[in-house]
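Colleague: The structure's right below; bear with me while I get my questions together.
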There are 2 protein chains.
Amino acid sequence: MGKGKILETFKEIVIESPVDRIIKQIRDLITSGQLNPGDRLPSERKLADVFGVGRSQVRDALAKLEFYGILKTMPQSGTVVAGIGITALEGLITDVLKLHDSDFASLVETRVVLETQAAWFAAERRTEEDIESLEKALESYAEKVKQGQQAVEEDLLFHLKIAEASKNTVLKSLMLIITPDIVKDFISLDVCGDDRPQRALEEHHEILNFIKERKGQEASEAMRAHLIEVLEYSMNNKKA
Amino acid sequence: MGKGKILETFKEIVIESPVDRIIKQIRDLITSGQLNPGDRLPSERKLADVFGVGRSQVRDALAKLEFYGILKTMPQSGTVVAGIGITALEGLITDVLKLHDSDFASLVETRVVLETQAAWFAAERRTEEDIESLEKALESYAEKVKQGQQAVEEDLLFHLKIAEASKNTVLKSLMLIITPDIVKDFISLDVCGDDRPQRALEEHHEILNFIKERKGQEASEAMRAHLIEVLEYSMNNKKA
DNA sequence: ATTGTTATTTTGGTTAACCAATTCGGTTTC
DNA sequence: GAAACCGAATTGGTTAACCAAAATAACAAT
């Protein structure tokens, strides 16, 4: 797919989305100290008027801000600055919005951190049901690999099942958040192909065995080795 | 604040939010295989009609689903199932929505994972600017502590600055996501008070020194020790 | 002066109508 | 017969008006 190079050239035309602009404005209000935690901020109508945009856009912006825990909006009551006395956030709020187009390195690095820990916890806390679930997932992955198919989906499912077996809801949620981005990167550079899937399958089995045997550290290390393998493989195929 | 006990009793009255209901419906459509990745799903109007709700609610649901990378909606074109062939997600989609009312244990556990790694990276990659920023943050924290004030905010700011110095954008973003929940838990059980803040301040200094000296492992371990201290402290004061 | 009540305003939530871009079908043209 | 083309219908985005709940202010009774 030679299209990559050409597209790279135009990559910089970032359309400053209206809602992003609003978010920045609100952030400035907070960081500049004009809005302190607990304060009720102006009504949606006022904000829309001040910013010179429609209310729905203000609405979207507030929704996003609320998701990140920055704001808390109560029906028929108002929207308040909820988070930590967010002078803390300074320039950080905008950054969190860029999560979904993060650099590949950070993404993989973070994935390794989360997954190795998840594997460890999973080994310590897995139930029999977890084992069954993991084996089932691994089986359908093996099926696809034998047929020489893509199987990115089944691959990730196995990893997510491990997160589920870790019994740590936050860990699982965070993995769910970054998973789509990982998939995106993996598909853009076609990671499948030669004998690599076979190796990956074996590594999955190894990890599962350690989890079965409740060997936390070994499972964790196996996971780390596995992910590093995958990373190097994808790196090599990136230039090609 | 004795209100806690009483409120616990009524905690179960979870109002099944309309948009959550819609999200479940759409999830079922996807997981049941009626909607496959790449498929365009019905227009917002059709969906609103089928579900018997307003279009705006469908809109909110789609927006959330899109944020998680499940869907991709193109202006004037339609909304398609974008993510991984999401049979993977099965029951998981709903879980990610519960991130913000996670259990305290998972939250702290995950925080330890993220922060120890962030400290390690920070020690390896910090610039002189980072050091300045960290010292400044630590200073304002020390100021508050000396005055015997709360300083939760300044505390967290120091930690976030470490995440920033780690040069890993995803790691930073994830910490920003869970930080508000941490603060919430820390404020609900008043964590401040006696000599603990003084100890915490010393530990912060220790961590900063390791980062200055580029000692990754030591910084990481100091961070872990610090967080465990904080955890145990807050646990003890929970019952009291 | 304080408290309890009521009327009004303001709030976020919801709906319905409108807009511009896109898609798709049928027609024309080569 | 295939491709180019035009227009009607459909798409997501946007706006404005409306709703019930909540907050607020004014007032009355104690």
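Colleague: Just one of the numbered conditions (1) part of a loop (DSSP other than H, G, I, E, B); (2) more than 12 Å from DNA strand D (Cβ to nearest atom) is not true of B:Lys24; which one?
Modeller: It fails just one condition, (1).
Colleague: Let me ask something else. Given the condition at pLDDT below 90 and either within 12 Å of another protein chain (Cβ to nearest Cβ) or outside any helix (DSSP H, G or I) (or both), answer yes or no: does some residue in segment B:113-122 qualify?
Modeller: No, segment B:113-122 has no match at all.
Colleague: When the residues of segment A:141-156 are narrowed to those that are part of a loop (DSSP other than H, G, I, E, B) and at pLDDT below 85, which ends up surrounded by the most Cβ atoms within 10 Å (Cβ to Cβ)?
Modeller: The residue in question is A:Ala151.
Colleague: Further, regarding this structure: For A:Val19, all conditions in the list (1) within 11 Å of DNA strand D (Cβ to nearest atom); (2) at pLDDT 85 or above; (3) among the hydrophobic types (A, V, I, L, M, F, W, C) hold save one; what is the number of the exception?
Modeller: (2)
Colleague: Turning to a different aspect of this structure: Quick check on my filter: what residues within segment A:73-85 are crowded, with 18+ Cβ neighbours inside 10 Å and either within 13 Å of DNA strand D (Cβ to nearest atom) or not hydrophobic (A, V, I, L, M, F, W, C) (or both)?
Modeller: Scanning segment A:73-85 gives A:Thr79, A:Gly83, A:Gly85.
Residues checked against (1) within 16 Å of A:Ala82 (Cα to Cα); (2) outside any helix (DSSP H, G or I); (3) within 11 Å of chain A (Cβ to nearest Cβ):
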residue	(1), (2), (3)
B:Glu132	no, no, no
B:Ala137	no, no, yes
B:Phe158	no, no, yes
B:Ile182	yes, no, yes
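Colleague: List the number of the failed condition for B:Lys167; all other conditions in (1) touching a Lys or Arg at 6+ places or on another chain (Cβ under 8 Å); (2) within 12 Å of chain A (Cβ to nearest Cβ); (3) under 18 Å from B:Arg214 (Cα atoms); (4) assigned to a helix (DSSP H, G or I) hold.
Modeller: So B:Lys167 meets the others, but not (4).
Colleague: Could you tell me which residue of segment B:41-72 is nearest to DNA strand D (Cβ to nearest atom), considering only residues that are away from chain A (no Cβ under 12 Å) and not in a helix (DSSP H, G or I)?
Modeller: B:Ser43
Colleague: Still on this structure, I have one more. Among the residues of segment A:42-54, are any among the hydroxyl-bearing types (Ser, Thr, Tyr), in contact with a helix residue (DSSP H, G or I) (Cβ under 7 Å, 6 or more places away or on another chain) and closer than 24 Å to B:Val19 by Cβ?
Modeller: No, every residue in segment A:42-54 fails to be among the hydroxyl-bearing types (Ser, Thr, Tyr), in contact with a helix residue (DSSP H, G or I) (Cβ under 7 Å, 6 or more places away or on another chain) and closer than 24 Å to B:Val19 by Cβ.
Colleague: Hey, can you tell me all the residues within segment B:59-81 that are of a type outside the set (S, T, N, Q) and within 12 Å of DNA strand C (Cβ to nearest atom)?
Modeller: Hits for segment B:59-81 are B:Arg59, B:Asp60, B:Ala61, B:Met74, B:Pro75, B:Gly78, B:Val80.
The values are calculated or read from the model by the stated rules, or taken from the named source; none is laboratory data. The structure displayed is predicted, hence computed values, not measured ones. Heads up, the Cβs are rebuilt from the backbone with ideal geometry, glycines too, and the neighbour counts pull from every protein chain shown.
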